[in-house]
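One structure is given here, and the rest of the page talks about it.
Here, each number is a calculation from the coordinates, and none is a lab measurement. Only a predicted model underlies this, so the values are computations on that prediction, with no experimental measurement involved. Counting neighbours? That spans all protein chains shown, and the Cβs are built from the backbone with ideal geometry, glycine included.
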């Protein structure tokens, strides 16, 4: 037998081609000029049958598909089945493109089938022809379609109308439901239908434990079918005699509601399920003028748009949540009985569908998560770059194509860092600045913008820490003033100096090196924690103001890091602490992901515990406060030559349980 296919290189077409080749037939495939590589890829799927796959040059936009006259003359009367699958299935595609491909393309395909004197024109329509019909749509219904509210619904309806009214060869029509991946392998090559909600499910899985009950929507019934069922049914029904002029619903006879579909895929993803689902019809008593008016408010529209953008959900897809149509497929099932082709239940193959998406189509797989890719060509300013975390961060960036601005008070130490950074091939510059001096901060901002034009990433790393209990600081109010001056006012001065240029360029990232102490409320660090808390609070407020200008703020609640800053406290010689290079990795992670916050699990747990049981947290902190004494430096004694006292077993155990928290 000889078959002619349009859309053979498409999703359904690949699987239908396989079925037809397995019948021993020759398959002639329409190939648009410039798309030869797609045909080559199709042939590579069937290496042992490739000699029966034939490319035919043509185009949907041309009358009669623009088929070569010699081919038409040779094959006229020899094409047993003409399958027309090519179409635009994107609900967001421009209407003109959909009319051209779906309606006119179908008309041109019919013309070609007539020229070839095809035995039967098999047309892949869609359940979209029903529009938003409220009720049961039978296979013998067509004109009864309702609410063809978008171009996709309208063009699929009009295209089927072309077949019904203009065909001069025998025809059969197939209306598949929402087609998802292969029921055994999950294979699919596009994101559509329920796939639009996979990122939301993945986000919930990554953020919440599986047992957490979620609130969701119930919605209408989504008719979902795997591609192998659609291809198998089309193959069987096309070859069965006596079915010309009929229409077949290739649908699930027992479709699930939206909430059930979400839960089926949530189980497949090991994500929390939607235990309580609200039916939108419960709000039907509210006048549409009110709900419509609220929905059109600019803040509501913006929040909705941001939510949809974050999870890559087309706005048009939201309209199908309350899908009102049910599809009667009893006649199709009767014809398929005994053929070995049947529609599997969604919960039987959802795992394969999810797994294939997660491994091959999740957009996160195609995001450049390398440091080099995310900072290439960017100007990055690092304060406190002469040692510790700042220097380690500069060295991590030295392998990239970023421009690194090294900032600290002492030129000599900066030059040492510069030598190491440039030795790795980096483009780097040094700028001296005392960040605790606000006038010097203003000078630095002016100098940097004049010499480099902009700053894309500001790393507020320079800081001062004072370990001293409040009772030991009654006469040392200046401790609080100078800590606030550097950690808060200095950092704030740089942020406010650079924000105008960042907003003008509509891009910027401000990384503030904060402290785990902000989350744990560490005793003896009231001056330090207060200054870092102030910067954290400012950043949270400012982030909301600049959210729509592509300027992001990331706070890193850093645990104890073994740097020169903690050296005066000799007990830290024994405390578990991360290395500057590990801290630099956290900063580089912020440049890649640009999250709101980076913190250790212990830090986050401590914050949650304080919110839930503040008195319990206070007792734990007081235990640590009593267990670890004031340092000699805090008492006003010189500690440079003093040996570090050996910690007790209780202190060692406590420090390791509270790993990363400083006492």
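Find the all-direction average of the projected area of the Cα convex hull for the range 1-176, expressing the result in square nanometres with one decimal place. Numbers along the way, then the final one.
Working: hull surface 40.3 nm².
Mean shadow area of the hull around the Cα atoms is 10.1 nm².
Distance between the C-alpha centres of the range 27-52 and the range 372-451: 55 Å, rounded to the whole angstrom. Taking a ≥ b ≥ c as the square roots of the Cα gyration tensor eigenvalues, with a/c under 1.5 meaning rounded and otherwise prolate when a/b beats b/c, else oblate, which class fits the chain? Note, shape of the chain comes out prolate.
Need one number: % antiparallel among DSSP beta bridges in the chain, to the nearest 5. Don't skip to the answer; put the middle values down first.
Working: 2 of 66 bridges.
Counting DSSP beta bridges with both partners in the chain, the antiparallel share is about 5 percent.
Taking Cα atoms only, the orientation of helix 36-45 departs from the longest principal axis of the chain by about 90 degrees.
Nearest 10 degrees, 0 to 90: what angle lies between the long axis of helix 388-397 and the longest principal axis of the chain (Cα atoms)? It is inclined by approximately 30 degrees. Each of residue 355 and residue 107 was given a label point 7 Å from its Cα along the Cα-to-Cβ line. The distance between the two points is 4.7 nm.
At a Förster distance of 56 Å, what's the computed FRET efficiency of residue 474 paired with residue 579, Cβ-Cβ distance as r, to 0.05? Spell out each step's value before the answer.
On the way: r = 36 Å, r/R0 = 0.64.
It comes out at approximately 0.95.
The protection proxy used here, the mean number of other Cβ atoms lying within 10 Å of each residue, ranks peptides 368-377, 520-529 as follows, highest first: 520-529, 368-377. Peptides 499-506, 480-487, 334-341, 436-443 ordered by packing proxy, namely the average of other Cβ atoms within 10 Å per residue, highest first: 480-487, 436-443, 499-506, 334-341. If a spin label sat at a point 7 angstrom from the Cα of residue 331 along the line to its beta carbon, the backbone N atoms of the range 156-178 nearer than 17 Å would be those of 160-161, 163-165, 170-177. Spin-label model, residue 95/residue 608: points 7 Å from Cα along the beta carbon direction are separated by 5.0 nm. Full extension of the chain segment joining residue 69 with residue 339 gains 93.3 nm, where the gain is 0.36 nm per residue of separation less the Cα-Cα distance.
With the highest mean first, a sort of the peptides 583-590, 464-471, 106-113 on other beta-carbon atoms found within 10 angstrom per residue produces 106-113, 583-590, 464-471. Extension gain, residue 45 to residue 410: 0.36 nm times the residue separation minus the Cα-Cα distance gives 124.9 nm.
The spacing between the range 66-119 and the range 161-240, judged by their C-alpha centroids, is 24 Å.
The calculated 222 nm mean residue ellipticity attributable to helices in the chain amounts to -12500 deg cm²/dmol, summing -39500 (n - 2.57) over DSSP H runs of n ≥ 4 and dividing by all residues. In this rough spin-label picture, where each label sits 7 Å from Cα along the Cβ direction, the residue 270-residue 619 distance is 3.6 nm. Length gained on full extension, residue 440 to residue 369, computed as 0.36 nm times the residue gap minus the Cα-Cα distance: 22.0 nm.
Axis angle, to the nearest 10 degrees, between helix 258-268 and the longest C-alpha principal axis of the chain: 60 degrees.
For an R0 of 45 angstrom, estimate the FRET efficiency from the Cβ-Cβ distance between residue 147 and residue 501 and round to the nearest 0.05. Please list the in-between numbers first.
Values: r = 50 Å, r/R0 = 1.12.
Calculated value: 0.35.
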